[in-house]
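Here the structure comes first, spelled out in structure tokens, and everything after it is commentary.
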Amino acid sequence: MQKIIITGGAGYIGSHTAVALQQAGFQVVVIDNLSNSSVLSLDGVARITGTHPLFAQVDCTDLESMRAVFEQHSDSVGVIHFAALKAVGESVEQPLLYYRNNLDGLINVLTCMSEFKIPNIVFSSSATVYGVPSVLPVTEETPLQPATSPYGQTKVIGESIIRDTVAANAGLNATLLRYFNPIGAHPSGLIGERPNGVPNNLMPYITQTAAGIRPILRVFGNDYDTPDGYCVRDYIDVNDLAMAHVAALRHMLDGATGVSTFNLGTGRGYSVMELINAFRDATGVDVPYEIVARRAGDVPAIWADASLAGRVLNWHADTPLSETLSSAWLWQQNSEK
Ligand code: NAD
Ligand code: WQD
């Protein structure tokens, strides 16, 4: 069995990827400091797959503790580095926390990979590296723009750190995955997103409002230069996203060298209002909302050209939106129990 280390594996995308990896026959070692997650998600992974991932509660910024885990699992064939803080607004208020956590963590992962000769890394990047794109959809060739938040900067800089490190190390290969907007949960309802406090993101805000935890959804702006005036995003099912990590790893294990970069989205944009309506159609629940002012820093519209991942990785996001929204709702209901 090939072993994979996943940092941040107790988190939202990491736990779904742990399921996909285990179901694809990999042995999974999770490193997580549980700063934004709980071991319950790994219990969920075990209930879905029948196998509990190995788990080390370690902070990626602690190099000595990271070395100890990597030494114990130096037979790993790759690392998927999810561990990061991701709240855009918080990163504006506490930039050094974000730079230290996200960049020291990455540097320590790369240091340990080099010391223990682990050859392949998959990095969680983000559509945020494209800033406000002038041409849609965005391809991997679309020029990157200065990110609008310290969080976004950690992804732009993180990509550069990886490119420079691969260029200097013939034995190291990397895949940079630029996620668009991941939503939904595992169809079992056993794992999903666990936002801390009031959600910043649209999908958990919709499900919490549907559940009555929040009185009303605030829709940020209806006067954008888009077909219906609402912001447009590319919402990708988290299970499809998880499968892309398996495909990216296999691509490197099959011999791809150097750095590869892929957009991970559906290739289709939905407006905020289209998503609210699709949620009602999928679940039968009407979410109360009010239109408020635009949110500072929001990109009016962005969606992916994900055809490169289709051609090279043979990966497509094919879960219908209605299933994704139903899984998000099932998870919301289960997570209250
Ligand atoms: P998440 O917060 O659910 O998962 C991140 C995990 O990393 C958490 O379990 C957290 O406890 C852990 N972690 C954070 N800092 C750590 C550290 N220093 N040491 C060890 N563990 C640490 O977030 P997610 O949505 O699953 O995001 C996973 C990755 O994908 C992140 O890198 C994020 O920036 C990136 N990403 C997320 C989105 C999104 O919308 N969810 C979009 C694009 C990119
Ligand atoms: C989506 C749309 C909002 C909440 C963020 C990060 C990005 C990436 C994904 C990590 C926007 C609108 C939202 C609400 C609303 N993360 N909205 N009411 O902003 O596209 O991306 O998460 O890399 O870096 O910036 O996602 O879910 O916050 O917003 O109207 O209560 O929903 O204005 O149009 P976003 P989001």
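No value in this document is a laboratory result; all are computed from the given coordinates. Predicted model, so just to flag it, every value in this text is computed and none were measured. Ideal geometry is used to build each Cβ from the backbone, glycine not excepted, and the neighbour counts take in all protein chains shown.
Within region 188-228, restricting attention to residues that are surrounded by 15 or more Cβ atoms within 10 Å (Cβ to Cβ) and among the small types (Gly, Ala, Ser), the residue that is nearest to ligand 1 (Cβ to nearest atom) is GLY192.
Against the numbered list (1) farther than 19 Å from TYR179 by Cα; (2) more than 18 Å from the chain's Cα centre (by Cα), TRP331 comes up short only at (2). Working only within region 279-334, note down all residues that are more than 14 Å from THR209 (Cα to Cα) and of a type in the set (S, T, N, Q). Listed by number, the residues that qualify are SER307, ASN314, THR319, SER322, THR324, SER326, SER327, ASN334. The strands (runs of 3 or more DSSP E) found wholly in region 129-237 and carrying at least 2 residues that are more than 21 Å from VAL88 (Cα to Cα) and away from ligand 2 (no atom under 13 Å from the Cβ) occupy 173-179. Across region 250-284, the qualifying residues are those that are surrounded by 15 or more Cβ atoms within 10 Å (Cβ to Cβ) and in a loop (DSSP other than H, G, I, E, B), and the one among them that is nearest to the chain's Cα centre (by Cα) is GLY265. What are the residue pairs meeting all of these: first residue in region 304-316, first residue in contact (Cβ under 8 Å) with a residue 40 or more places away in the chain, second residue charged (D, E, K, R), Cβ atoms under 6 Å, and 6 or more apart or on different chains? Correct list of pairs: ALA304/ASP234; LEU308/GLU140. Scanning region 102-152 for residues that are over 17 Å from the mean Cα position of the chain (by Cα) and within 10 Å of ligand 1 (Cβ to nearest atom) returns ASP104, ASN108, VAL109.
Residue-wise test of (1) over 25 Å from ALA244 (Cβ atoms); (2) away from ligand 1 (no atom under 14 Å from the Cβ).
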residue	(1), (2)
LEU42	no, no
THR61	yes, no
SER76	no, yes
VAL79	no, no
ARG100	yes, no
